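Every read-out reported here was derived from the displayed coordinates using simple, explicitly stated rules and does not represent laboratory data. All values derive from a computational prediction rather than experimental measurement. Neighbour counts run over all protein chains shown; Cβ positions are idealised from the backbone, glycine included.
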Amino acid sequence: MKLKSLLLVGGALLSGSAASAGGFQVSLAGIKNNGMGGVGTGLALDQAAMFYNPGALAMVRERGVQIGANATFARQSFRGQFGSEERTLRNSVVTPFSLFAGFGPAEGKWKAGIAVYTPFGSKLQYADGWEGRFALTDIDLKSIFVQPTVSYALTENLSVGVGVAVLAYGAVNLQRDIPAQNAQGQFGHVELDGKAENKVGFNAGIYFKPSEKLSVGVSYRSKIDATVKGGDVTFSNLSAAATPSFRATEFDVTIPLPATTTIGIGLMPTEKLTLALDVNHVQWSQYRSLDFKFNNNVGGAGITSSSSKRFYEDALTFRLGGQYALTDAFTVRAGGAYDMSPVKDGYVTPETPDANRVSGTLGVSYKAGEHFSVDVSTQFVSLAKRTQTQSDLLNNGTTDRVAGTYKTNIVIPGIGFNYNF
């Protein structure tokens, strides 16, 4: 057995296949932003600017604390190329969360704050006995980023900011069956479990508001390499004959979390209406292959490493949204997004069955008094059907994955609480 077919699921390290962005990128930070299609780079809405554009934080007049949480409900199905049965994944829920706290003088030139958010995370549980069980059966991924941020207004119209983005916690659990049966007729099973090392990157931005009706922002989030060293490898249900080929107990792997550049524009035609457009460019082409190292044999004598092709392409996301203040207490929001997948035909993997996706969003806020408000959002995400054939896999040399058709629809409700002072 070739090792590359053993652990292709590692490509999902800290991934987000049930998220609101392509590949394994997630954009579920600010609940207000979520209701507006995920826009935010060209706006200074609230403390969530630390995520979307640190340069805009200095233009947020209110100091405050906000917490938010989302729940992703995905219906994901697969039909094998040579099978007639459509298999639906077992139900699983992922709950990305965020915390933003900003402070500084109300009329001063600077603001600072701390942001905590979960930009990568996923949980997939495929149906028992599905065609790709020798590639993946279960995946559970978690991550937490912490970002101290400072922003300064150079003039009344121009501000800059930077945040130190720290991968403070990351965990991955991956499982799959092995195509070798024991005396009881059970297939072998392998489980990988590991924690990522702490890594540091940055998130920087510029915000410019030349008039009361127009604002522009540019932000850049740097690449971070997520690395697991000394993760646990556990084999089970192996026959006595197969055991000598599977003796590894630890693994190392690194995967790039790619750099993202975003340009955003905000329009304020009236005092009550705000419109915004964001364009994201994600440098997915940095992800060429997935390489594992093991401390002992995996799949045969002397085999202690593997390489699985990815060859991702850079991708764009277009986001459009707006909000309207119905009253002093109620604000409504709506938006949408079109997200281009970085995964090329013939390179789709079960842990990230990605495809071009269209999103629609709704949101509302209620302000209860001078200091407290509640935000609610809902996103509806539809991924295009994604089919790859056995011929595609043979032509690309990617037979470590499965031929067939994936289809995914996702609903993501969210709620946030704000306290300004």
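With a Förster radius of 60 Å applied to the beta-carbon distance between Tyr324 and Asp225, the computed FRET efficiency rounds to 0.90. Each of Ala153, Asn203, Pro244 was placed along the dipole of segment 137-265 (beta-carbon charges, centred on the mean Cα), and the one lying farthest toward the positive end is Ala153.
If you take the Cα centroid of segment 214-262 and the Cα centroid of segment 358-421, the two points sit 22 Å apart. Per residue, the chain reaches -500 deg cm²/dmol at 222 nm when only DSSP H runs of four or more residues are counted, each adding -39500 (n - 2.57). For segment 3-420, a crude dipole built from +1 on the beta carbon of Lys and Arg and -1 on the beta carbon of Asp and Glu, taken about the Cα centre, is about 280 debye to the nearest 20.
Sites count as exposed loop sites when they are GluC sites (Glu not before Pro), lie in a DSSP loop, and have at most 11 other Cβ atoms within 10 angstrom; the longest stretch of the chain without one is 272-369. For segment 39-123, the set of chymotrypsin sites (Phe, Trp or Tyr not before Pro) satisfying both a DSSP loop assignment and a count of at most 10 other C-beta atoms within 10 Å is given as Phe82. Between Gln186 and Ala259, residue separation times 0.36 nm minus the direct Cα-Cα distance comes to 22.0 nm.
When you restrict to C-alpha pairs under 8 Å that are six or more residues apart and normalise by the size of segment 3-420, the relative contact order lands at 20 percent.
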